[in-house]
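Have a look at the structure below, then the notes.
The values are calculated or read from the model by the stated rules, or taken from the named source; none is laboratory data. Keep in mind it's a predicted model, so treat the numbers as computed, not measured. Backbone-built Cβ (ideal geometry, glycine too); neighbour counts: all protein chains shown. Heavy atoms of the whole protein, side chains included, go into the accessibility calculation; ligands, DNA and RNA do not. Shrake-Rupley method; radii C 1.70, N 1.55, O 1.52, S 1.80 Å.
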Amino acid sequence: MNKLLFGLLGFTTIASVAFAGPDYSGYSDKEIKQTAVQPQECWYADNEWNVSLWGTYGFTGTESRAVGPGEVLSGDIGGDRYIETDHAWGGGGDVKYFWHKYFGLGFEGFVLDAKRTRFDLDFPTANPSGFVFTKTDDRRAIGAVLGTLTLRYPIGCSRFAPYAWAGGGAIFGGGQRDREVTGTLLTGAPTGTTDHTEGESKAMGQFGGGIEVRITKHIGLINDFSWNVVDGSDNNFGMIRSGLTFAF
């Protein structure tokens, strides 16, 4: 009988300790709440400045094609008429302020190293019965400056944040023209020189999307794609960008 009584007493004691929970005696209500609820740390924040540096690959929406002397004379060679090449490499950067972790305003700038083919068609007076047609490579920098609005959507409190943006501004350094100025000598022989125009500035719109992955709370990797609209559909071009973002 004594063994049974002691056994029941021991079982009751163990059960009461198990169901009683942790002992919070000696702690304030504030300390108890902090111990019970541990907030999860998030990688993206409100009132955050982002500075990004990236490299880019650009490609035109309209493929360029070979040009002959007759087309140079007419001034109409078809294809892209602003960047005037199928592919270009470059780099740029942007600064954004996210007044809310989902929305940011900023400025962006980039430069492309765009190589074009320059044409010269001449009727030399020493050989009035013929002409000389030459093509040379012409390298130039094409740059742009834009204002942007970005929508960012961090996935929970994870490192991943897809984003989309749209912007507008100006692009400059492209759109050169090679035009022939022709005439006739007193002898009736044709003559002509090539007029090379300088680059011109154009209004430009841009929209795109990508994803950011935070390595730390202050450094992230970005990869995105944008489509750029310049003075008509024949001059539109795309850009693929990869780089780093620094958050403050």
Next item on the list: Only residues that are surrounded by 14 or more Cβ atoms within 10 Å (Cβ to Cβ) and either of a type in the set (A, V, I, L, M, F, W, C) or modelled with pLDDT of 95 or more (or both): list them for region 228-243, please.
Entry: Asn228, Val229, Val230, Phe237, Gly238, Met239, Ile240, Arg241, Gly243
Check: Which of the residues belonging to region 136-158 are open to solvent by 20 Å² or more (accessible area, probe 1.4 Å), within 20 Å of the chain's Cα centre (by Cα) and not small (Gly, Ala, Ser)?
Finding: Val145, Leu149, Leu151, Tyr153
Notebook entry, point to check: Can you pull out the residues in region 204-218 that are loosely packed, with under 14 Cβ neighbours inside 10 Å and over 18 Å from Gly106 (Cβ atoms)?
Noted result: Ile215, Thr216
Check: On the given criteria, is Phe133 assigned to a strand (DSSP E or B), of a type in the set (A, V, I, L, M, F, W, C), open to solvent by 50 Å² or more (accessible area, probe 1.4 Å) and at pLDDT below 95?
Finding: yes
